[in-house]
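Chemist: Attaching a single structure in structure tokens format; questions to follow.
The values are calculated or read from the model by the stated rules, or taken from the named source; none is laboratory data. Since this is a predicted model, take the numbers as computed values, not measurements. Cβ placement follows ideal geometry from the backbone for every residue including glycine, while neighbour counts extend to all protein chains displayed.
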Amino acid sequence: MSESSEVVAESVAERFQQLYGGAPDGVWAAPGRVNLIGEHTDYNDGFVMPFALPHTVVAAVSRRTDGVLRLHSADVDGPVVELAVDALAPESDKNWTAYPSGVVWALREAGHAVTGADIHLASTVPSGAGLSSSAALEVVVALAMNDLFGLGLRGWQLARLCQRAENVYVGAPVGIMDQTASACCEAGHALFLDTRDLSQRQIPFDLAAEGMRLLVVDTRVKHSHSEGEYGKRRAGCEKGAALLGVDALRDVPFADLDAALARLGDEEEVRRLVRHVVTEDERVERVVSLLEAGDTRAIGPVLVEGHASLRDDFRISCPELDLVVDTALTAGALGARMTGGGFGGSAIVLAEEADVLAVTKAVEEAFAQAGFKSPRVFEAVPSAGARRMR
Ligand code: GAF
């Protein structure tokens with residue numbers, strides 16, 4: 001563990017001690033993610049390719065056996081929240097505490113004897129930026145419970161339970177990408193994930209070694225999944241699958257796309273959603289092939305195609321995200337696209353190391369000129385997935 005993560009673990013453990021009057025049993029961390037390619041494919045049983053950020057949610061946790069769950073976050077004003085584990089009920093909590101308590105609920109519902117805990121959390125994952133701060137929060141709690149109660153669950157199993165917590169307990173109809181990324185990513189790699197069976201391949205992704213950088217541009221336009229648009233897209237995709245007589249849009253072969261679109265008759269909106277999902281799955285496979293062939297720079301135009309499809313067919317971009325992409329490309333970036341759920345949040349930009357400053361400056365100036373909030377730009381280095389820190 002690096003010196004700085006040792007310092008973070010120490011300070012989170014110290015705060016735990018002040019709050020609860022004893023040292024924690026352990027400290028865990030789970031990262032946020034960016035998605036390189038494969039957007040809105042996960043709830044269509046398709047392919048995604050996220051990687052973990054160095055930004056994490058850290059949790060100091062002790063096990064309890066008396067049915068009490070106590071929660072505190074350094075990032076939210078307020079006292080320790082105390083709940084009874086056997087009284088946890090789906091959609092009963094509209095606060096941040098729904099994420100950690102939803103995980104405890106999902107574990108118990110799946111038959112795991114989780115009998116309570118004291119938890120203190122601290123996050124460096126920007127929230128509302130489309131970088132999966134909620135998934136990181138869920139996964140860090142799931143991993144701590146797994147270790148403290150000896151549940152023996154694997155990363156992908158924890159991810160499934162976290163998704164269930166978010167779908168049923170929190171009430172947000174998200175797919176499985178973010179939780180799996182937080183639980184299963186490895187440093188220096190992107191995760192090629194088949195969301196149908198959760199089979200995975202770690203793809204080496206070390207841009208610095210090849211003289212490139214991947215920037216995250218947080219537009220600071222807040223997005224939210226529980227609001228209707230995400231659910232509407234998901235319902236539209238499910239309608240498309242039903243009209244085409246397949247289990248999920250993943251089952252529409254790219255080679256048969258034109259014929260499938262023709263079969264959708266006058267369902268113009270569904271047709272656009274189907275076209276995005278089927279072409280996006282193909283783009284993920286293309287990016288994997290290019291990376292495995294060592295042709296990293298060639299993924300740039302594929303990212304740009306992905307953005308156009310999200311903007312024009314899936315219709316989930318916004319003026320700020322489009323401005324990042326257009327400005328970065330004009331300033332010499334190799335590729336750029338929005339990342340995550342959309343309607344705000346962040347974009348990613350792939351650039352030669354030598355162009356990073358010029359691209360960053362161009363984006364900042366364009367935002368100032370357009371009268372948008374100044375964006376937050378940082379380099380994304382593919383980092384480790386969830387782990388125990390001490
Ligand atoms: C959000 C969801 F949480 C993911 O499951 C995924 O659908 C993503 O949007 C879009 O690719 O992050």
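Chemist: As an exercise: evaluate LEU357 against (1) under 27 Å from LYS232 (Cα atoms); (2) free of Cβ contacts under 8 Å to residues at least 12 places away in the same chain; (3) of a type outside the set (Asp, Glu) and give the number of the one condition it does not meet.
Modeler: Every condition holds for LEU357 apart from (1).
Chemist: Can you tell which of VAL80, VAL76, VAL104 is in contact with a Lys or Arg (Cβ under 7 Å, 6 or more places away or on another chain) and away from the ligand (no atom under 16 Å from the Cβ)?
Modeler: It is VAL80.
Chemist: When the range 143-183 is examined, which residues are found to be crowded, with 23+ Cβ neighbours inside 10 Å, more than 16 Å from the ligand (Cβ to nearest atom) and in contact (Cβ under 8 Å) with a residue 40 or more places away in the chain?
Modeler: If the condition is that a residue be crowded, with 23+ Cβ neighbours inside 10 Å, more than 16 Å from the ligand (Cβ to nearest atom) and in contact (Cβ under 8 Å) with a residue 40 or more places away in the chain, then LEU143, ALA144, MET145 are the ones that fit.
Chemist: For the range 296-344, which residues satisfy the criterion of being in a loop (DSSP other than H, G, I, E, B), within 16 Å of the ligand (Cβ to nearest atom) and surrounded by fewer than 20 Cβ atoms within 10 Å (Cβ to Cβ)? Reasoning before the result, please.
Modeler: Looking only at the range 296-344, we keep the residues that are in a loop (DSSP other than H, G, I, E, B), and these are 314-318, 331-334, 340-344.
Next, only the ones that are within 16 Å of the ligand (Cβ to nearest atom) stay: 314-318, 340-344.
Matches in the range 296-344: ARG315, CYS318.
Chemist: A further question on this structure: Quick check: anything in the range 272-280 away from the ligand (no atom under 15 Å from the Cβ) and loosely packed, with under 15 Cβ neighbours inside 10 Å?
Modeler: no
Chemist: Let me ask something else about it. Does the range 37-53 include one or more residues that are out of contact with any strand residue (DSSP E or B) (no Cβ under 9 Å at 6 or more places or on another chain), within 16 Å of the ligand (Cβ to nearest atom), assigned to a helix (DSSP H, G or I) and of a type outside the set (Phe, Trp, Tyr)?
Modeler: yes
Chemist: Next question, about the same structure. Could you please give the count of residues in the range 326-341 that are within 18 Å of VAL356 (Cβ to Cβ), in contact with a His (Cβ under 7 Å, 6 or more places away or on another chain) and either aliphatic (A, V, I, L, M) or at pLDDT below 95 (or both)?
Modeler: 1
Chemist: Have a look at VAL85, VAL81, VAL125, VAL139 and point out the one that is in contact with a Cys (Cβ under 6 Å, 6 or more places away or on another chain) and either surrounded by 24 or more Cβ atoms within 10 Å (Cβ to Cβ) or not small (Gly, Ala, Ser) (or both).
Modeler: VAL139
Chemist: Hey, among VAL114, VAL217, which residue is touching a strand residue (DSSP E or B) at 6+ places or on another chain (Cβ under 6 Å) and not in a helix (DSSP H, G or I)?
Modeler: VAL217
Chemist: Which ones in the range 230-259 are touching a residue at least 40 places away in the same chain (Cβ under 8 Å), hydrophobic (A, V, I, L, M, F, W, C) and in a helix (DSSP H, G or I)?
Modeler: Result: CYS237, ALA241, LEU249.
Chemist: Quick one: which residue in ALA347, ALA351, ALA362 is at pLDDT 95 or above, buried (at least 21 other Cβ atoms within 10 Å of the Cβ), hydrophobic (A, V, I, L, M, F, W, C) and within 21 Å of VAL221 (Cβ to Cβ)?
Modeler: Exactly one of ALA347, ALA351, ALA362 is at pLDDT 95 or above, buried (at least 21 other Cβ atoms within 10 Å of the Cβ), hydrophobic (A, V, I, L, M, F, W, C) and within 21 Å of VAL221 (Cβ to Cβ), namely ALA347.
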